[in-house]
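Remarks on the structure that follows.
The values are calculated or read from the model by the stated rules, or taken from the named source; none is laboratory data. Since we're looking at a predicted model, the values are computed, not measured. Every residue, glycine among them, receives a Cβ derived from its backbone with ideal geometry; neighbour counts consider all protein chains shown. Note: accessible area is taken over every heavy atom of the protein model, side chains too, but ligands, DNA and RNA are not part of it. Shrake-Rupley method; radii C 1.70, N 1.55, O 1.52, S 1.80 Å.
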Amino acid sequence: MLDWRGLRDVVIVTDHAFVSGGAAKVAIGSACGLSESGLRVTFFAGVGPVDERMHRAGVRVVCLDQPDVAEDPDRVRAMGRGLWNRRAARALTDLLSEFDPASTIVHCHGFSRSLSPAIGLALTRGPVNHVFTMHDYFIACPNGGFYDFRSGRICDRRPLGPGCLSTNCDARHVSHKAWRVLRQSLLHSAGNMPRGLRDAIYVSETQRRMIAPYLGRSTRLHHVRNPVEVLPGPRVPAEENDTFLFVGRIAKEKGAVEFAGTAAELGIRAVFVGDGPEADEVRTINPNALVTGWLPSGEVSGWLRRARCLVSPSRWTETFGLVVYEALASGVPAICGAWSAAAEAIDDGVTGLVYRTSADLGSALEKLTAATAGRMSRAAFDNAARYRCSPREHASQLIELYGRIMTTPVSAAVVA
């Protein structure tokens, strides 16, 4: 029996009311799970449409129905709203005033695509306890990735330091980097984040190590893994498959082009489930590769069942690597770089392979023979419980954390 410790209401805050990526997927899934556990859940978002699952789960949804700042045709309006969304700040402040601080917690999952730094004051200076899940690095880094998109390398410059301010690391124009620097400055000053955060969730040790130096001294850190859905049925017989599978956004930082080129050189079958700005380049470099575009979850699962291994060649420091956990739990070996948080899931040489530099990707792919894939597949599937985290388990972990937050003085900093 869960100890709710007086908790009655949970207000979830994030940019999108539909699944647009990992953060929204976790936010919506947790909203449904928490509601089904008996809590009253309110979901506050900037961008619609609203995922129908929340209505079915009894979640109250407050959506501003504003466009994503990247998709707003009025670019001047988008730039201003991305810097400081006054409407979102007022609406969230008004919403939180409806709740009893003694029995309510507000859980934020993101702000960079719509809500803006303006919501920081409602979170950090209001009377309601809050927690912030760090799905990315936007709370510290202007471009959200600790990654130099121009050089294609992980960035070790201090955010907003001299090196950061003098370097155009943005994938777009230098003016976009300037805009992001201004937004980050507003976040740190008027938005009172991240220094004003009382409690924050990290999803991997890699993420905690990178972001902890930029949080406030009194910020309490808690580890809650993202939920991991598992394919139903028996182990995927990876040894019988010949597909090397990539799942995700086909973009420079994801390493898709490097994988496509290496697969072409080695003559292995590469399938890319997803889409993005480098999809055409992938097709050009590797004409034999299949690019499926974005698919429903059931069809993604179908491709996992046909995979010899999952390849996660990201060039930046992923914060979690959800698809790696999903693959391993189903008996699909995984390959990724040592710098990615996804490497935390892999027992190198046992359930998959972790390569040390980008140049080592080809060698790792060559090692995944049918026999090796079979051995790794069985080892991963035998330890599936290590990777799984059902939505119900995730909701239970959150409720327990909420209870600790509400009953532990802020000055008593803890790392859970």
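Exactly one residue out of Ala78, Ala70, Ala89 is small (Gly, Ala, Ser), more than 20 Å from Arg40 (Cα to Cα) and not in a helix (DSSP H, G or I): that is Ala70. Tell me, which residue of the range 280-303 that is buried (at least 18 other Cβ atoms within 10 Å of the Cβ) and either of a type in the set (A, V, I, L, M) or without any contact (Cβ under 8 Å) to a residue 24 or more places away in the chain (or both) is nearest to Leu328 (Cα to Cα)? By that ranking, first place goes to Val300.
Within the span defined as the range 168-178, every residue fails to be in contact with a Pro (Cβ under 7 Å, 6 or more places away or on another chain), without any contact (Cβ under 8 Å) to a residue 60 or more places away in the chain, aliphatic (A, V, I, L, M) and farther than 30 Å from Val300 by Cα. Residues that are farther than 21 Å from Ala395 by Cα and among the polar types (S, T, N, Q) within the range 196-229 comprise Thr206, Gln207, Ser218, Thr219, listed in sequence order.
Condition first: in contact with a Phe, Trp or Tyr (Cβ under 6 Å, 6 or more places away or on another chain), under 21 Å from Ile405 (Cα atoms), of a type in the set (Ser, Thr, Tyr) and open to solvent by less than 30 Å² (accessible area, probe 1.4 Å). Can you find one or more residues in the range 191-209 that meet it? Yes: the range 191-209 contains one or more residues that are in contact with a Phe, Trp or Tyr (Cβ under 6 Å, 6 or more places away or on another chain), under 21 Å from Ile405 (Cα atoms), of a type in the set (Ser, Thr, Tyr) and open to solvent by less than 30 Å² (accessible area, probe 1.4 Å). For the range 96-110, name all the residues that are open to solvent by 10 Å² or more (accessible area, probe 1.4 Å) and among the aliphatic types (A, V, I, L, M). Within the range 96-110, Leu96, Ala102 qualify. Filter the range 169-178 down to the residues that are among the charged types (D, E, K, R) and surrounded by 15 or more Cβ atoms within 10 Å (Cβ to Cβ), then identify the one that is nearest to Gly145 (Cα to Cα). Across the range 169-178, the extreme among qualifying residues is Asp170. The set of residues from the range 346-385 being in contact (Cβ under 8 Å) with a residue 40 or more places away in the chain, touching a strand residue (DSSP E or B) at 6+ places or on another chain (Cβ under 8 Å) and either β-branched (Val, Ile, Thr) or open to solvent by less than 10 Å² (accessible area, probe 1.4 Å) (or both) comprises Gly352, Leu361, Leu365, Leu368, Ala373, Met376, Ala380. Determine whether the range 321-329 contains at least one residue that is within 22 Å of Val19 (Cβ to Cβ), surrounded by fewer than 16 Cβ atoms within 10 Å (Cβ to Cβ) and either at pLDDT below 95 or not hydrophobic (A, V, I, L, M, F, W, C) (or both). No, every residue in the range 321-329 fails to be within 22 Å of Val19 (Cβ to Cβ), surrounded by fewer than 16 Cβ atoms within 10 Å (Cβ to Cβ) and either at pLDDT below 95 or not hydrophobic (A, V, I, L, M, F, W, C) (or both). The residue that is farthest from Gly152 (Cα to Cα), counting only those in the range 347-367 that are in contact with a Leu (Cβ under 7 Å, 6 or more places away or on another chain) and outside any strand (DSSP E or B), is Thr351.
Considering the conditions (1) open to solvent by 20 Å² or more (accessible area, probe 1.4 Å); (2) in contact with a Lys or Arg (Cβ under 9 Å, 6 or more places away or on another chain); (3) at pLDDT 95 or above, Val181 is excluded by exactly one of them, (2).
Residues that are among the β-branched types (Val, Ile, Thr) and over 10 Å from Cys32 (Cβ atoms) within the range 52-73 comprise Val61, Val62, Val69, listed in sequence order.
Exactly one residue out of Arg113, Arg86 is open to solvent by 30 Å² or more (accessible area, probe 1.4 Å), in contact (Cβ under 8 Å) with a residue 40 or more places away in the chain, charged (D, E, K, R) and farther than 22 Å from Ser35 by Cα, and it is Arg113. Residues considered: Glu326, Glu299. Of these, the only one that is more than 15 Å from Val230 (Cβ to Cβ) and assigned to a helix (DSSP H, G or I) is Glu299. Just one of the numbered conditions (1) among the β-branched types (Val, Ile, Thr); (2) closer than 19 Å to Leu186 by Cβ; (3) touching a Leu at 6+ places or on another chain (Cβ under 7 Å) is not true of Val76: (3).
Quick one: in the range 233-279, of everything that is of a type in the set (Lys, Arg) and assigned to a loop (DSSP other than H, G, I, E, B), which residue is most open to solvent (accessible area, probe 1.4 Å)? Only one residue tops the list, namely Arg249. I need the full set of residues from the range 127-158 which are open to solvent by 20 Å² or more (accessible area, probe 1.4 Å) and not polar (S, T, N, Q), in order please. Within the range 127-158, Pro127, His135, Asp136, Phe138, Phe149, Arg150, Arg153, Ile154, Cys155, Asp156, Arg157, Arg158 qualify. Among the residues of the range 218-230, the ones that are open to solvent by 20 Å² or more (accessible area, probe 1.4 Å) and in a loop (DSSP other than H, G, I, E, B) come to 5 in all. Can you tell me which residue is farthest from the chain's Cα centre (by Cα) among those in the range 42-75 that are charged (D, E, K, R) and open to solvent by less than 10 Å² (accessible area, probe 1.4 Å)? The selected residue is Asp72.
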